[in-house]
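Each remark here refers to the structure printed beneath this line.
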Amino acid sequence: MSGITIALSKGRIFDETAPLLAAAGIAPLENPETSRKLIIGTNRPDVRLIIVRASDTPTYVQYGAADLGIAGKDVLLEHGGEGLYQPIDLQIAKCRMMVAVPEGFDYESAVRKGARLRVATKYLRIAREHFAAKGVHVDLIKLYGSMELAPLVGLADVIVDLVSTGNTLRANNLRAVEEIMPISARLIVNQAALKLKHALLQPVIEAFESAVSSHA
Ligand code: ATP
Ligand code: PRP
């Protein structure tokens, strides 16, 4: 396509991106939360949005099916980021990647004693690197969501998951024991498109940049 395609996921990324799109003069013609359409036009005939799963956003941008996208740092680290330029930390969808355990599980002493831990997570790469750096031996169990359940039913000793308010941990009698890293969403750009469509993309990137710095 000769215009710009922007990949976004529904939910918090779309909600928190809407003001940035507005700052760039882009208004979606439909609300993806209510529409079943996966390609959504905008007020600008040369700009369209595609609605993808959050964890698929880097894939669409990497292969050039989208020129721009917005993805969490968690998703980008798991994906690897090949072929992607990541010019801006948008400071949205902020949370923290944490290690959490059931109340009553003595994480510190398990680590001190060199116990082998069973870790349930959607974030295998991040978890593997975190525990390898600490020298803790782990068996990683891949889940696709609801990680908080795993230690409650004996599937794992600990989880690695995103925490924002802490409400989900509290509701399930878990406690965070370690922060792995802060997380926020980034603008991602297809590297080839950045060169080939520079004149079209640069003003959008700059509008996002100034919208972010005016909120800093
Ligand atoms: P998928 O649909 O691909 O499985 P998902 O369900 O994790 O992904 P969302 O819940 O929409 O997708 O989360 C999108 C991004 O928002 C995540 O990649 C993360 O960076 C961030 N995020 C996730 N949970 C929270 C939270 N509780 N508070 C703030 N930001 C969050
Ligand atoms: C995320 C994350 C936690 C929860 C943390 O889930 O996986 O479960 O948010 O937020 P809190 O600390 O404010 O409770 P999300 O709401 O995205 O649900 P999903 O992973 O099932 O999409």
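The values are calculated or read from the model by the stated rules, or taken from the named source; none is laboratory data. Predicted model, so just to flag it, every value in this text is computed and none were measured. Here the Cβ is made from the backbone with ideal geometry for all residues, glycine too, and neighbour counts use every protein chain on show. Each accessible area value is taken on the protein alone, full model and side chains, heavy atoms only, with ligands, DNA and RNA left out. Shrake-Rupley method; radii C 1.70, N 1.55, O 1.52, S 1.80 Å.
Panel values: the chain, Kirkwood radius from alpha carbon pairs, Stokes-Einstein at 37 °C and 0.692 mPa s, translational diffusion coefficient 176 µm²/s. Multiplying the residue separation of ASP89 and LEU38 by 0.36 nm and subtracting their alpha-carbon distance yields 15.8 nm. Taking GluC sites (Glu not before Pro) in DSSP loop states with no more than 12 other Cβ atoms inside 10 Å as exposed sites, the chain has its longest site-free stretch at 104-216. Distance between the pseudo-spin-label points of SER2 and THR165 (7 Å out from Cα toward the beta carbon): 4.8 nm.
Scanning the chain for chymotrypsin sites (Phe, Trp or Tyr not before Pro) that sit in a DSSP loop and have at most 13 other Cβ atoms within 10 Å, the longest stretch containing none of them is 64-143.
Per-residue 3J(HN,Hα) values for region 101-118, derived from phi via the Karplus relation 6.51 cos²θ - 1.76 cosθ + 1.60 with θ = phi - 60°, read 9, x, 3, x, 8, 8, 4, 4, 6, 4, 5, 4, 7, x, 5, 8, 9, 8 Hz in sequence order (x marks Gly and Pro).
Between ASP106 and ALA22, the contour length at 0.36 nm per residue exceeds the alpha carbon distance by 25.4 nm.
Averaging sequence separations of C-alpha pairs under 8 Å and six or more residues apart, then dividing by the length of region 95-182, give the relative contact order as a whole percent. For region 95-182, the relative contact order is 49 percent. Taking every alpha-carbon pair under 8 Å whose residues sit at least 6 apart, the chain reaches a relative contact order of 27 percent.
If you take all other residues with their beta carbon under 13 Å from the beta carbon of ALA27, and give Lys and Arg +1 and Asp and Glu -1, the sum is +1.
Among the protein heavy atoms, those of SER210 account for about 70 Å² of accessible surface (1.4 Å probe, every chain in place). Local charge for PHE105 was computed over the other residues whose Cβ lies under 12 Å away, with Lys and Arg +1 and Asp and Glu -1, and equals -2.
Computed from phi, the 3J(HN,Hα) profile of region 65-76 under the Karplus parametrisation 6.51, -1.76, 1.60 (θ = phi - 60°) reads 6, 10, 7, 10, x, 10, 9, x, 4, 4, 5, 5 Hz, with x in place of Gly and Pro. Sites listed here are trypsin sites (Lys or Arg not before Pro) in region 44-129 whose DSSP assignment is loop and whose Cβ has at most 12 other Cβ atoms within 10 Å: ARG53, LYS113, ARG116. Farthest towards the positive end of the charge dipole of the chain, among the residues ALA150, PRO19, HIS198, is the Cα of ALA150, using unit charges on the Cβ of Lys, Arg, Asp and Glu. Between LYS134 and SER146, the contour length at 0.36 nm per residue exceeds the Cα-Cα span by 1.8 nm.
Taking amide H atoms as placed 1.01 Å from N in the peptide plane, the amide H of ALA71 lies under 5 Å from those of ARG186, ILE188, each 5 or more residues away in sequence or on another chain. Expressed to the nearest 5 percent, the antiparallel share of DSSP beta bridges inside region 1-160 is 30 percent. For region 201-216, the Karplus equation 6.51 cos²θ - 1.76 cosθ + 1.60, evaluated at θ = phi - 60°, returns couplings of 7, 4, x, 5, 4, 5, 5, 4, 4, 6, 5, 5, 6, 6, 9, 6 Hz by residue, with Gly and Pro reported as x.
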